[in-house]
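A.B. asks: The following block contains the structure, expressed as structure tokens.
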Amino acid sequence: MEEQIEDIFVRVRQEGRTFLMEHESKAALERLGIRTTGSEVARSEQEAVDIFRSFGGPVVLKILSPEVVHKSDLGGVRLNLKTEGEVRRAYQEMAASFMGTPIAGVSVQEMARPGIEVIIGVAQDPTFGPVLMFGLGGVLVEVLKEVSFRSLPISEADALEMIREVKGSALLQGYRGHSADIPALQSLLLQISQMVEENPEIRELDLNPVFLYPQGYAVADARIILGERRPQPQKAVVSQDLRGLFYPQSVAVIGASGTPGKLGWNVFANLVRHKFPGKLYPINPRAEEIQGLKAYKRIGDVPETVDVAIILVSASMTPEVVQECCDSGVRYIIVESAGFAELGEKGKQIEEQMMSIAEKHGARLLGPNCSGIINTHCHMVQSIGIVDTLCKGNIGLVSQAGVCAAGMLWGLRRIMDFGIIATIGNKLDINETDMLEAISQDENIEVICMYLESVKAGRRFIDVARGITRQKPIVVLKSGRTEAGKKAVASHTASLAGIDQIFSAVFRQSGIVRARDYEHMFNLARALSKQPLPQKDGVFIITYAGSLGVIAADAITDNGLRLSELEPDGKARLLQLLPEYVGGTNPVDYTFSQNPEVVKKTIEIGVESEDVGSFIVILQAEILGSYAETLKGIDYRGKPIIACVAGKEFAMEDVIKMEKAGIPVLATPEEVADALAVMFRHAQRVKREA
Ligand code: ADP
Ligand code: MG
């Protein structure tokens, strides 16, 4: 009976190896029905010749040694041997040059026909576990770096996407008589995914090269490296109920202060000033009352069981205070103090102490080193910095760093409304995925933004995010992309960031939009939160400046959208509106005669058109204020509109007016096109997954 894959692995391990030589790797692949060029082992020159004869065509000889990983680098590969003499000579030469190296034999295999060379590999990512790589170019892959990644396991759609994503993938569709069997490649990727899922001890795998043909493929070289025989570290995580954290009836602030300027003053003042409707308990052993409310010496003195306790005492005191909270029955503890793992070993130990206390009592812990939670829907602001008046909104923000969330509110609150802002800090217990899941379940939240420096629960993050993006869009800004950035992360929130390219791949795989920077994230958030999703890719552009119209037309095309085409009667109506000296009906260019009324009438024509999915209005900064009321009053019938205003930063009062009227204002046509494209793709995803 043929050896099963597991038997091959066991035998290799018995020999004290984790590296499978080519013939062993190929044998494992063949068991799954993956086609290779074979690899028969010859232990003598005569055996090599006999195998050659049985093939009846040109062969390849390769050295098989547990010590030779890159065979051709050491002269261990002889291609295209056509005669018995050539086989004998190659064998002799190889035997001579590998004298002294332990050799398992010489692989004799069929010489594959030329085809398109690709590479398929598996590696371990510290955050996401096994990842699959696909790339073009065979040996050139390391130079070209034209590769795509996905976290394993992959879906059929993932497989196709990772093929298409590689820049040169047009080559696979056919050039100069070469083309590739894409369905066969797709199922090969899926087979590898399944193989690694079923055999978690496969740590690395390299199929390089695989020759692709118009029909089928052949794996010419394979290498598998085994690791620990651990099952996937995926303990079943039950969805957690964090609602009590977001909608508490009572909040205690341990370390609340009556001295303005202190952080303990800020946090308590935020809760008081934003009129948190539940009970507030300042805890401070040296105060009778704080900011008008009766203070308690310890949490244990409070006459009721508090839902949420915010801790602001120094790091060294926190374990004791966490213990007191647990003893008095608090379920959610938020540690806003800093000075923990981000500072080194000692801080890490304090974290561990806190964690084990919380765990023992079944309490959940947020932070440390965070800025609490803001939930405008229950008038709750726990931030470390003073926060001004906020309006209730539908945007959720999960932020690793406190200042990046609440600190930016000073300005942002004028043009966008948040529902929940949750900071997670060092993520000792509640991590980004827990928060993401909890916030996505909140009925007030329709768009989710995240600022991340690392991801703790890799695989679960993907699964959770994937589920959410079927309905609600997620925009992530992930920093620590560069080596320099990573160093900053290590000293900042004490977390290890993974390879950036894999993050991008995983985000794509989960339907997450990756933002380039803050501006980008909040541009998208405003567009997604204020406007409906476009159901068609046709864009109707209205402008006062021809050049900006042309730029917009280019930009939408670059982003996979297109100019919409009005029906004849729409066109006729439009021509009556247009001044005589302009031509063209999309972009519609009103030059400096553009005004709110004419824009309104034009939009109404577009609303009626079957082909229009969305609107871009390019408006003059100097008269921007005159548009807000009119544009607000239009019945768009579910079609989104975004305004583009060059120089908007010099007309902020009017930009705020527009934003308050529900119309996002972005600075460049490129930004608008990008936002509409993100919205359109999300709409498509929602439709597809429905
Ligand atoms: P290495 O261990 O150096 O990666 P390979 O087995 O990949 O060794 O061989 C080196 C190169 O030789 C491959 O990249 C491929 O171009 C070519 N090659 C290897 N095996 C075959 C084969 N069976 N048919 C045709 N070409 C082959
Ligand atoms: Mg190779």
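The values are calculated or read from the model by the stated rules, or taken from the named source; none is laboratory data. The shown structure was predicted, so the numbers you read here are calculated from the model rather than taken from an experiment. As a convention, Cβ positions derive from the backbone with ideal geometry for all residues, glycine included, and neighbour counts pool all protein chains shown. Protein only, heavy atoms only, side chains kept; ligands, DNA and RNA dropped before computing areas. Shrake-Rupley method; radii C 1.70, N 1.55, O 1.52, S 1.80 Å.
A.B. asks: Please report, to two decimal places, log10 I(q)/I(0) for the range 577-690 at q = 0.10, 0.22 Å⁻¹ as given by the Debye formula with identical point scatterers on the Cα atoms and no solvent.
C.D. replies: Log10 of I(q)/I(0), two decimals: -0.31, -1.37.
A.B. asks: Something else: What accessible surface, in Å², does a 1.4 Å probe find on His377, ignoring ligands, DNA and RNA and rounding to the nearest 10?
C.D. replies: 50 Å²
A.B. asks: Send over the semi-axes of the range 511-611's equivalent ellipsoid, whole angstrom and largest first, taken as the square roots of 5 times the C-alpha gyration tensor eigenvalues. Could the numbers behind the result be given before it?
C.D. replies: Working: eigenvalues 147, 48, 35 Å².
One finds semi-axes of 27, 15, 13 Å for the range 511-611.
A.B. asks: From the mean inverse distance of alpha carbon pairs (Kirkwood) and the Cα radius of gyration, derive Rg over Rh for the range 162-318.
C.D. replies: Details: Rg = 30.6 Å, Rh = 21.8 Å.
Rg/Rh for the range 162-318 comes to 1.41.
A.B. asks: Reported to two decimal places, what Rg/Rh ratio describes the range 87-137 when computed on Cα atoms with Rh from the Kirkwood expression?
C.D. replies: Numbers: Rg = 17.7 Å, Rh = 15.0 Å.
That ratio equals 1.18.
A.B. asks: Using mean Cβ contacts within 10 Å as the protection proxy, how do 282-292, 577-587 order, highest first? List each step's numbers first, then the result.
C.D. replies: Details: 282-292: 17.0, 577-587: 14.0.
The densest-packed peptide leads the list: 282-292, 577-587.
A.B. asks: Ok, one more. Taking the Cα atoms of the range 295-380, report the difference between the largest and smallest coordinate on each principal axis, in whole Å and largest first.
C.D. replies: For the range 295-380, the Cα extents along the three principal axes come out at 36, 29, 25 Å.
A.B. asks: Quickly estimate the mean residue ellipticity at 222 nm for the chain, helices only: each DSSP H run with n ≥ 4 gives -39500 (n - 2.57), and the total goes over all residues, rounded to 500.
C.D. replies: Numbers: 24 runs with 251 residues, N = 690.
Here the helix-only value at 222 nm equals -11000 deg cm²/dmol.
A.B. asks: Could you pull the accessible area for Glu47 with a 1.4 Å probe, rounded to 10 Å²?
C.D. replies: Solvent-accessible area, nearest 10 Å²: 80 Å².
A.B. asks: Give me the one-decimal Kirkwood hydrodynamic radius in Å for the range 321-450, with the sum taken over alpha-carbon pairs. Kindly include the intermediate steps, with their values, before the conclusion.
C.D. replies: Values: mean 1/r = 0.0662 Å⁻¹.
Kirkwood hydrodynamic radius for the range 321-450: 15.1 Å.
A.B. asks: Looking at the chain, what % of its DSSP beta bridges pair antiparallel, to the nearest 5?
C.D. replies: Numbers: 49 of 98 bridges.
Roughly 50 percent of the DSSP beta bridges within the chain come out antiparallel.
A.B. asks: On to the next question. Kirkwood Rh over Cα pairs of the chain into Stokes-Einstein at 4 °C, 1.567 mPa s: D in µm²/s? Spell out each step's value before the answer.
C.D. replies: On the way: Rh = 29.1 Å.
Using the Kirkwood radius from Cα pairs, D works out to 44 µm²/s.
A.B. asks: By how many nm would the segment from Gln349 to Asp73 grow when fully extended, if each residue of separation counts as 0.36 nm and the alpha-carbon distance is taken off? Walk me through the numbers before you get to the answer.
C.D. replies: Details: separation 276, 0.36 × 276 = 99.36 nm, distance 4.81 nm.
Full-extension gain reported as 94.6 nm.
A.B. asks: With Kirkwood's inverse mean 1/r over C-alpha pairs for Rh, give me the Rg to Rh ratio of the range 3-46, two decimals please.
C.D. replies: On the way: Rg = 11.4 Å, Rh = 11.3 Å.
We get a ratio of 1.01 for the range 3-46.
A.B. asks: Let me ask something else. Once the mean 1/r over all distinct Cα pairs of the range 68-169 is inverted, what Kirkwood radius in angstroms do you read off? Mind dumping the intermediate values first?
C.D. replies: Values: mean 1/r = 0.0601 Å⁻¹.
This gives a value of 16.6 Å.
A.B. asks: Moving on to the next point. Full extension from Ala572 to Lys360: what is 0.36 nm times the residue separation minus their Cα-Cα distance, to one decimal in nm?
C.D. replies: Values: separation 212, 0.36 × 212 = 76.32 nm, distance 7.39 nm.
This chain segment gains 68.9 nm when fully extended.
A.B. asks: Let me check against my output: what whole-number percent is the relative contact order of the chain, with C-alpha pairs under 8 Å and at least 6 apart? All intermediate terms of the calculation are to be shown ahead of the outcome.
C.D. replies: Numbers: 1441 pairs, mean separation 55.5, N = 690.
After rounding, I find 8 percent.
A.B. asks: Apply the Kirkwood formula to the range 115-222: the hydrodynamic radius equals the inverse of the mean of 1/r over all pairs of different alpha-carbon atoms; give it in Å with one decimal. Each step should come with its number before you reach the end.
C.D. replies: Values: mean 1/r = 0.0729 Å⁻¹.
Radius from the Kirkwood sum: 13.7 Å.
A.B. asks: Please give the FRET efficiency for Arg89 paired with Ala157, using the beta carbon to beta carbon distance and R0 = 41 Å, rounded to the nearest 0.05. List each step's numbers first, then the result.
C.D. replies: On the way: r = 50 Å, r/R0 = 1.21.
Efficiency, rounded to the nearest 0.05: 0.25.
A.B. asks: Could you state, as a whole-number percent, how many of the C-alpha pairs of the range 355-419 are farther apart than 16 Å?
C.D. replies: Working: 1011 of 2080 pairs.
Summing the P(r) of the range 355-419 above 16 Å gives 49 percent of all pairs.
A.B. asks: Please sort 55-61, 267-273 by packing, taking for each peptide the average over its residues of neighbouring beta carbons within 10 angstrom, highest first. Could you put the intermediate results ahead of the total?
C.D. replies: Working: 55-61: 16.9, 267-273: 22.1.
My ranking of the peptides, most packed first, is 267-273, 55-61.
A.B. asks: Continuing with this model, one more query. Report, to two decimal places, the Cα Rg of the range 224-382 normalised by 2.2 N^0.38 Å (N = number of residues). Let's see the in-between values first.
C.D. replies: Numbers: Rg = 17.4 Å, N = 159, 2.2 N^0.38 = 15.1 Å.
Taking N as the residue count of the range 224-382, the ratio is 1.16.
A.B. asks: Using a basic spin-label model with each label point 7 Å from the Cα along Cα→Cβ, how many nm lie between Val582 and Val10?
C.D. replies: 7.8 nm
A.B. asks: Still on this model: Place a +1 charge on the Cβ of each Lys and Arg in the range 24-170 and a -1 charge on the Cβ of each Asp and Glu, then give the dipole magnitude about the Cα centre in debye, rounded to the nearest 20. Working shown, then result.
C.D. replies: Numbers: 16 positive and 20 negative charges, 53 e Å.
Approximately 260 debye in magnitude.
A.B. asks: Largest first and to the nearest Å, give the Cα extent of the range 584-644 along each principal axis.
C.D. replies: 33, 26, 18
A.B. asks: State the Cα centre-to-centre distance between the range 103-134 and the range 521-566 in whole Å.
C.D. replies: For the range 103-134 versus the range 521-566, the Cα centre distance is 43 Å.
A.B. asks: Further question: Taking a 23 Å limit on the Cα-Cα distance, which of the listed pairs Lys71/Lys167; Lys262/Lys297; Lys348/Lys456 fall beyond it? Mind dumping the intermediate values first?
C.D. replies: Working: Lys71/Lys167 29 Å; Lys262/Lys297 18 Å; Lys348/Lys456 16 Å.
Those over the limit are Lys71/Lys167.
A.B. asks: Something else now. So, by mean Cβ neighbours within 10 angstrom, what's the order for 242-251, 637-646 with the highest one leading?
C.D. replies: Details: 242-251: 18.5, 637-646: 21.0.
Top to bottom by mean Cβ count within 10 Å: 637-646, 242-251.
A.B. asks: If you don't mind, there's one more thing I want to ask. From zero outward in steps of 5 Å, how is the percent of C-alpha pairs of the range 645-690 spread across the bins?
C.D. replies: 5, 21, 19, 20, 14, 10, 7, 4, 1
A.B. asks: Take the eigenvalues of the Cα gyration tensor for the range 12-144, scale each by 5, and report the square roots as semi-axes in whole Å, largest first. Working shown, then result.
C.D. replies: Working: eigenvalues 147, 67, 44 Å².
One finds semi-axes of 27, 18, 15 Å for the range 12-144.
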